[in-house]
1. Under 8 Å by Cβ, and 6 or more places apart or on different chains, what pairs join a residue from region 208-234 that is of a type in the set (Asp, Glu) with one that is within 16 Å of the ligand (Cβ to nearest atom) and open to solvent by 70 Å² or more (accessible area, probe 1.4 Å)?
2. In region 297-334, what residues are β-branched (Val, Ile, Thr) and either over 24 Å from Glu190 (Cα atoms) or assigned to a strand (DSSP E or B) (or both)?
3. Can you name the number of the only condition in (1) within 10 Å of the ligand (Cβ to nearest atom); (2) more than 23 Å from the chain's Cα centre (by Cα); (3) open to solvent by 10 Å² or more (accessible area, probe 1.4 Å) that Met108 fails?
4. Which condition breaks for Gly293 when tested against (1) within 16 Å of the ligand (Cβ to nearest atom); (2) at positive phi; (3) over 21 Å from the mean Cα position of the chain (by Cα)?
5. Quick check on my filter: what residues within region 208-242 are within 16 Å of the ligand (Cβ to nearest atom), surrounded by fewer than 20 Cβ atoms within 10 Å (Cβ to Cβ) and more than 30 Å from Ile271 (Cβ to Cβ)?
6. Go through (1) closer than 15 Å to Met158 by Cα; (2) surrounded by fewer than 24 Cβ atoms within 10 Å (Cβ to Cβ) and name the single condition Ser440 misses.
7. Condition first: assigned to a strand (DSSP E or B) and more than 11 Å from the ligand (Cβ to nearest atom). Now tell me which residues in region 123-158 satisfy that.
8. Just give me the residues in region 80-105 being more than 10 Å from the ligand (Cβ to nearest atom), under 26 Å from Phe461 (Cβ atoms) and surrounded by fewer than 18 Cβ atoms within 10 Å (Cβ to Cβ), in sequence order.
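The values are calculated or read from the model by the stated rules, or taken from the named source; none is laboratory data. Computed from a predicted model, the values in this text were never measured in an experiment. Every residue, glycine as well, gets a Cβ built from its backbone with ideal geometry; the counts of neighbours run over all protein chains shown. Side chains included, ligands, DNA and RNA excluded: accessible areas come from the protein's heavy atoms. Shrake-Rupley method; radii C 1.70, N 1.55, O 1.52, S 1.80 Å.
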Amino acid sequence: MYPIPIMRHHLSQSPASRIPSRRGFLKTAAAAIGAPFILPSGSFSKPLNSTLQVAVIGADGMGYSDMTNIGSHEKVKFVGFCDIDSSRFAKADKAFPGVAHFADYMEMYSKLGDGLDAVCVATPDHSHARASIEAMKRGKHVYCQKPLAHTVWECRQMKLWAEKSGVITQMGNQIHSDIAYRLGVRLLREGAIGKIKEVHSWVSVDGRERTSFDDRPPKSLESTPPANVNWDLWIGPAPMRPYVSDAYHPFVWRDWQDFGTGALGDFACHILDPIFTALELTAPTTIRAEHSGTNKEVWPGPERVYYTFPGTDFTAGKTIAVTWYDGKLQPPKELAQMPDNLSLPKAGSLIIGEGGNMILPHVAGPRMYPQEKFQTFAYPKDVVGLNHRHVWVDAIFEGKKTSDGFHYAAPLSETVQLGNVAARFPGETLEWDAAQMKISRGAVDSTPAQAMLTREYRKGFEVTPV
Ligand SMILES: NC(=O)c1ccc[n+]([C@@H]2O[C@H](COP(=O)([O-])OP(=O)(O)OC[C@H]3O[C@@H](n4cnc5c(N)ncnc54)[C@H](O)[C@@H]3O)[C@@H](O)[C@H]2O)c1
């Protein structure tokens, strides 16, 4: 139960305003002098009419959830649904009949041209960066599912392309806008538990429990993909491998290093988000992972990842330790000073402050301990929940950044993906220089860790750097 009344609030009433843009003029001028397509920073998007023409990439799964939320905004009109699996359009077609289908988002971008203003990218993680960046290059506003991208380098490119194109972006960690996280953030920032000394965040699933495989499937299971699945497009930027039924598509791609980003990628962009916002964290300086072993194919099972961040105005010390746990691992309950009859939630954060402790469950209202101290605490009554997707649509009409734009979501996602780099060097403390994008392993050769910041792209599916 929340300690305060819940007020769910949609932003769809905000006035429409036009994004000031010189794009049309510049495009004509550029064409006249034979200049390249790339336009100056902040000028990629075109002026809007009263309607936002949106395409959704990934028509089922989370894409369907995003679609119904975006589509409930009165100013949104869908102009394209894109999915590499033709059997995945049925729900979308029922909810929004008559929208054009595409298998390849590149073909969709080219065919829709200026008839497309914005895209929602809800493909598996390995396809986020290319789909989003190709959209930003064309001046399309982007809502991209979490984690922002598959590698640290891709996350950085997403941020840089958002800056360069000036389009309005938002990551799909929708709980950012939920009343529970917004209240937790507010309390932390107002000092309800004082300056923060350490943070522990966890989720009950681990990085290899969604697929039944823990290594490359045997040849005997390889088969021709069904006619409805375009396997080449599904593989996209990753190295080609044979189709195996139920091994990758749909949903279970999460556990494979080539496609997903493990338990960290699945949950840490949600659970660390209020910590990032409240404490104004940016990039960790050290990362160390512990787990019982991994291989080159799947992510590790239960793990702990120890991050150190530079301190901020909201932390007690010059640095702050944030520890991530997944699988069956959790912080010791005693740290929370909660009553004996209560347990830690299955997922969430324990935030230890100089003046008390907060449990911020994923997803429920914050609770503060020791109980005696906070029994009469006056919770603010004016915190509201927002419709995360409407926040993005409204921001496009208002020409404003959202608090969860790629300028914010990229450093958060980079942090998450750095945990996945550390998972390949268990027990080692990696030092991270975010400005230079450099990993150091002390006296040990850093080249293999540095290489894991990015990936080799399959020909034809490269991600364009800024
Ligand atoms: N925010 C959340 O709470 C939340 C919850 C679940 C999933 N997600 C994220 O949403 C994304 C999708 O996850 P999911 O569980 O829906 O996966 P899924 O595999 O169930 O669905 C992905 C859909 O994308 C399609 N697809 C795959 N590659 C494509 C491509 N290149 N072009 C067009 N379509 C393509 C697939 O056919 C499928 O319909 C992931 O990034 C995941 O992390 C977020």
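1. Here the result reads Asp232/Met240, each pair linking region 208-234 to a residue that is within 16 Å of the ligand (Cβ to nearest atom) and open to solvent by 70 Å² or more (accessible area, probe 1.4 Å).
2. Hits for region 297-334 are Val298, Val305, Thr308, Thr315, Thr319, Ile320, Val322, Thr323.
3. Here Met108 meets the rest and fails (3).
4. (1)
5. Pro225, Pro226, Ala227, Asn228, Asn230, Trp231, Asp232, Leu233, Pro239, Met240, Arg241
6. (1)
7. His141, Val142
8. Listed by number, the residues that qualify are Ala100, His101.
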